[in-house]
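Take a look at the structure set out below.
The values are calculated or read from the model by the stated rules, or taken from the named source; none is laboratory data. Just so it is clear, the model here is predicted, and its values are computed rather than measured. No Cβ is skipped: glycine too gets one built from the backbone with ideal geometry, and neighbour counts run over all protein chains shown.
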Amino acid sequence: MKFVKTFEEYAVSEGFRYHVENGLGISDSVFRLGSEAYKNLFEETKKYWDEGNVILNGKEGWMAKNLEVGKKAIYDGKEVELDTPRRGGDKKFIVYHNSGRKDKEGNIVAQKIEWGDTSGLSIKNDDPAAAASFWARQQCDLKKSMDPLTPKFWACYASTLFSKQLGLSSDMPW
């Protein structure tokens, strides 16, 4: 992440400034995923990116364009946070993503997405052979796998986008 303006021109937060000065992006943040600090950092980064004041490359640019990390939505009458993957649910991981719909009150309606094997298999994305096998088997490199409304997307890319926050041993794609 690179800020193209000077910090003096904008009232940037201390967290945002720290990340820029230390070459950290929103996918390798020092803040815990789901924390208020992380949500604030993501929103601030997205705001500056939308204004053209920050340069985001690769996965960070994709995240700013396509995800709404920490934004509030409704799922089955309960308030949830969008695009904040975590362990749990009926599968190994769960995330809520914007379905593109709104309810009668104007709230975003979330779609629940679960992925991951719960039979006791471990995630081996730090093993290049196992990661390559998973990548090929799941066809992660195809365009249809890039839809964040599908479990396949999250299975293929969550480790790259949120490895530290999910407690994974590597940020390599699996």
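Once the range 83-119 is narrowed to residues that are basic (Lys, Arg) and not in a strand (DSSP E or B), the residue that is surrounded by the most Cβ atoms within 10 Å (Cβ to Cβ) is Lys92.
Conditions (1) of a type in the set (Gly, Ala, Ser); (2) modelled with pLDDT of 80 or more; (3) in a helix (DSSP H, G or I), marked per residue:
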position: Leu121; (1), (2), (3): no, no, no
position: Ser133; (1), (2), (3): yes, yes, yes
position: Arg137; (1), (2), (3): no, yes, yes
position: Ser145; (1), (2), (3): yes, no, yes
position: Pro148; (1), (2), (3): no, yes, no
position: Tyr157; (1), (2), (3): no, yes, yes
position: Gln165; (1), (2), (3): no, no, yes
position: Ser170; (1), (2), (3): yes, no, no
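Go through the residues of the range 106-118 one by one and say whether even a single one is at pLDDT below 85 and of a type in the set (Val, Ile, Thr). Yes, there is a match, as at least one residue in the range 106-118 is at pLDDT below 85 and of a type in the set (Val, Ile, Thr). Here Glu9 passes the criteria (1) surrounded by fewer than 18 Cβ atoms within 10 Å (Cβ to Cβ); (2) under 16 Å from the mean Cα position of the chain (by Cα); (3) not assigned by TED's automatic domain parsing to the domain that holds Met146 except the one numbered (2).
Just to be sure before I move on: is Arg17 within 23 Å of Pro151 (Cβ to Cβ), surrounded by 13 or more Cβ atoms within 10 Å (Cβ to Cβ) and charged (D, E, K, R) in the structure I sent? No, not satisfied. Return yes or no: is Thr84 of a type in the set (Val, Ile, Thr), under 13 Å from the mean Cα position of the chain (by Cα) and modelled with pLDDT under 85? So Thr84 does not fit the description; no. Report yes if Trp49 is closer than 21 Å to Thr160 by Cβ and modelled with pLDDT under 85, otherwise no. Criteria not met by Trp49. With a requirement of 1 or more residues that are under 22 Å from Asn98 (Cβ atoms) and among the aliphatic types (A, V, I, L, M), the helices (runs of 4 or more DSSP H) lying completely within the range 13-82 that satisfy it span 36-50, 58-66.
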